[in-house]
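Enquirer: Here it is, the structure, as structure tokens.
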Amino acid sequence: MDQSQDAAAKGHNRSRSAVKATRPRSSTKGPLDADEVEIPLTSPLSPQHQQRMLPLGLPRNSGAASPRPRSAAHSPAPRRAVAPRPKDFSYLLRPEIYHPLPPQNVPPPFRISPKQASADTPIPALLARGQFRAAAIAAAQALTTGGVLPGGTPRPDPADHARIFELLYTRLACLTLIDATPLAAQEVKALEDLNSAYYLDEATGRHLVPWELRVLNVRLQALGFGDPRRSVMSLYDLAREARTRLADATARHDNSARELWKDRLADVGMRVAGALVEMEDLPGAAHHLASLTDRGDGKLVMAKALLWLHLGDVDAARECVETERADETAERVVAALCDMADGEYEAALAQWGELRGQSDDEMVGVNMAVCLLYVGRMQEGRALLESLVDKGQSSHTLLFNLTTMYELCTERSRTLKIKLSEKVATMDETPNGWEKANADFKL
Amino acid sequence: MAHQRYPSHDAVKEPHSVSLKVLRLSRPSLVAQYPIPPPFTSVSTTTTTTTTSTAPPPPIPASLAYSPDAANGNSTTNTNPSPFILSPIVNLPPSFGSAYVGETFSCTLCANYDVAPLSTGEPGTLKTIRDVRIEAEMKTPSTPSAAGAAAAAAAAAAAAAMTKLALSPPDVPGAKGVDLHPPSSLGQTGGGDGGGGAKNSTLQKVVHFDLKEEGSHVLAVTVSYYEATDVSGRARTFRKLYQFVCKPSLIVRTKPGLLGRRKSRKVVGRDGTVAATEGGRRWVLEAQLENCSEDGMVLERVVLECERGLVAGDCNWEVGAGGGGGGVKVRPVLHPGEVEQVCFVVEEVVDGDGGDGGGVKEQDGKIVFGVLGVGWRTEMGNRGFLSTGKLGTRHVK
């Protein structure tokens, strides 16, 4: 990534061969041109380029941002000369975009539970209760028909971008939470190219789409278009914007905005590493993490250690927590994981046992139970996992490991799995997620 | 993947009261997470130029791989590196995966009290299961067997030629097998009664086997037990076969070459005399290591174990050189299909008073260098190790 520094100074001169022809390509500047005065997304582009980046199927003359082709020499036109007209986002309100979410994937104890929300429950309440499938359905309904009940809230005004994007973010975010990421990756395509000038506020040049949705869009579009490398580029686009806004905020002595953009920049930095992991470029991710600075929360050193473990370089993981200041708990967690990676499950088990004496962390309990299975004490591991469920914990990982143990315990594990699903369905509704899918119980 | 099962062979048609379940114990894997901020809390409105805001909200808990410690929710003790994609919580292996030469195959075997529920109306006689034993053997492609047929019958016929596997935890020598008891129902087991004194409904063992050959392997597991009701009892046995294919993981190609003698040097003899000697003969051994598996691997060490009279110098990456230095220390990472080239300088040891010819023996005009050992790690530290046959050269001079 860093080589693009030079390229960025000269403009677009990177090879375009890597991008599928079916996609509009956005600007690809390097990450280090953050000090540009101008926001890069509004930087002059060749007319053909700007034309190409328009979302397909949009009304081409709907705003001043889609100029007719001009000569290349004359591209940065004064945009504010034309009074901004409201933009039409009705292409995001088409019902055919949104897939149905049938309840067949949900185990019966959840489907028939009295905890299921009624159809008129507002979306924020559904989110707070961890009923993400219902929230995803409600968001799509709000976008396409304007609420469920007759006389409900009207369908959003096609120009009400704030409302539309909030609902769309809810929809896509909830899909990722109910293991329907492939559907989200299809639905996100409706947004087309968020780098298009169409998504910019003509008066201010700011992006109309909320930051969260733009970040989520990066990963989902990369999945949807089968082009994982695009994630990295798009994240760098976001990082560049964050830097610019950070510089603005600093110049204005706006401390809260500065903190916000700092946080966002750091967040994007970690997500770049994640995108590289998803591309299976683990050495690249390691190099990238090495280039980030720790923010004092210990997350970076943990991320590095986990990446080394994932890659298989156990010594590097150990060294990482030893040489960089990791807090004691993190160091012990990594040490225990390293023992597991070395196949020293007894030693790891002892370490998890000690950690468990100090904290209620679900991770510690689950990892200890896994170790118990590896040393031939599955019955104890199963009891430990069941005790975590009794305490109200129900992460995908916990349920997956417990149902795997059920499969080892008997030919008739289905009975145990159904009982487990009944038990989890009686848990309180929290933002941790209440409704589970059949896959969570391997049903 | 290539994990097949054959029906058990037992004269008694009645279903067995003990079930056998197995899980290949590859390394557990770190769970991926995709943290996202909760909807309906967007901190900055989208169009305003002046952003009045606080820090971004923490991610919605459901998007994390596990719930954080409720008691210590603050960030200093939080072990989750969110928004990073990897989390420290682990999953058991989801599937059999691929088996590769050079790895250790590990598998857990569980013999369970699994008496079928009685048909309705029939008064239940509780069966007692006693003296349960598990034995495991591995048939490898080189195991002599009837014409090498992979069929179950042939495998069973070849049972005598199979490698018996050690089970862990080991049985107490001379002791009886284990008694199994009906499992308590869900909820009762949850009370933390899993301690050693509890009545077990499962006998669990773990086996390990170093995979050294390509081709079809068969893990054969025999379970024997004594089944008793109030009125009668009998010894029963069944056997299950699990077949899998072991694939090559690393291709090693070598090429020796002549380097010429080392320049003459001074050697201090045992008695302190200094003698100028002619340097020993030198060769270059190059090797290309190709990852032919489907997973990435980190090369941990590549060593040439020399024959007597030779020493080898390593011209490859530096591993563990101090470590403190800062920058990312690089062990070579080989993605599937990638090749790493390594090189060694092999030198004859010229012993001051060892007489002519050093300690190197020539055989049929050939000098044998030694064997090349390659150790690697894959995801989550899973180990592999392979050594070549004896490598050498005909370029004697």
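The values are calculated or read from the model by the stated rules, or taken from the named source; none is laboratory data. These numbers were taken from a predicted model, which means no experiment stands behind them. So basically every Cβ, Gly included, is an ideal-geometry build from the backbone, and we count neighbours across all protein chains shown. Accessible surface areas use protein heavy atoms only, side chains included; no ligands, DNA or RNA. Shrake-Rupley method; radii C 1.70, N 1.55, O 1.52, S 1.80 Å.
Enquirer: Other chains near A:363-370: what is the mean number of their Cβ atoms within 10 Å of each residue's Cβ?
Expert: Across the residues of A:363-370, the mean count of other-chain Cβ atoms within 10 Å is 5.
Enquirer: Given a Förster distance of 45 Å, report the FRET efficiency between A:Phe225 and B:Val368 from their Cβ-Cβ distance, rounded to the nearest 0.05. Can you show the working numbers first?
Expert: Values: r = 56 Å, r/R0 = 1.24.
It comes to 0.20.
Enquirer: For the pair B and A, how large is the buried accessible area, both sides, in square angstrom to the nearest 100, if the probe is 1.4 Å? Mind dumping the intermediate values first?
Expert: Values: alone 23530 and 22310 Å², together 37410 Å².
Counting protein atoms only, the buried area is about 8400 Å².
Enquirer: Just to confirm a number: summing +1 for Lys and Arg and -1 for Asp and Glu over residues other than A:Ile97 whose beta-carbon lies under 9 angstrom from that of A:Ile97, what do you get? Present the calculation step by step, with values, prior to reporting the outcome.
Expert: On the way: positive: A:Arg94, A:Lys189; negative: A:Glu96, A:Glu187.
Overall, the nearby charge balance is 0.
Enquirer: Using packing as a proxy for protection, rank B:288-301, A:327-340, A:117-130 so that the peptide with the highest average count of other Cβ atoms within 10 Å comes first.
Expert: Working: B:288-301: 19.7, A:327-340: 21.5, A:117-130: 16.9.
The packing order, highest mean first, is A:327-340, B:288-301, A:117-130.
Enquirer: Could you compute the net charge surrounding A:Val209? Neighbours are other residues with a C-beta less than 13 Å from the C-beta of A:Val209; K and R count +1, D and E count -1.
Expert: Around A:Val209, the charge tally is -3.
Enquirer: Would you jot down the residues in the stretch A:190-214 that end up with at least 50 Å² less accessible area in the complete protein assembly than in the chain alone, with a 1.4 Å probe?
Expert: A:Glu212
Enquirer: Sticking with this one: Which entries of A:Lys115/A:Lys417; A:Lys417/B:Lys164; B:Lys139/B:Lys247 show an alpha-carbon separation above 25 angstrom in the structure shown?
Expert: Working: A:Lys115/A:Lys417 20 Å; A:Lys417/B:Lys164 35 Å; B:Lys139/B:Lys247 15 Å.
With Cα atoms farther than 25 Å apart: A:Lys417/B:Lys164.
Enquirer: OK, next. Sorted by average packing, counted as other Cβ atoms within 10 angstrom per residue and highest first, what order do A:305-312, A:216-223 take? Show your work: numbers first, answer last.
Expert: Values: A:305-312: 27.0, A:216-223: 23.1.
Highest-to-lowest ranking by the protection proxy: A:305-312, A:216-223.
Enquirer: Ok, one more. Taking the solvent-accessible surface of protein heavy atoms with a 1.4 Å probe, what is the per residue accessible area of the stretch A:228-292 in Å²? Spell out each step's value before the answer.
Expert: Values: 2390 Å² over 65 residues.
Averaged over the residues of the stretch A:228-292, the accessible area is 37 Å².
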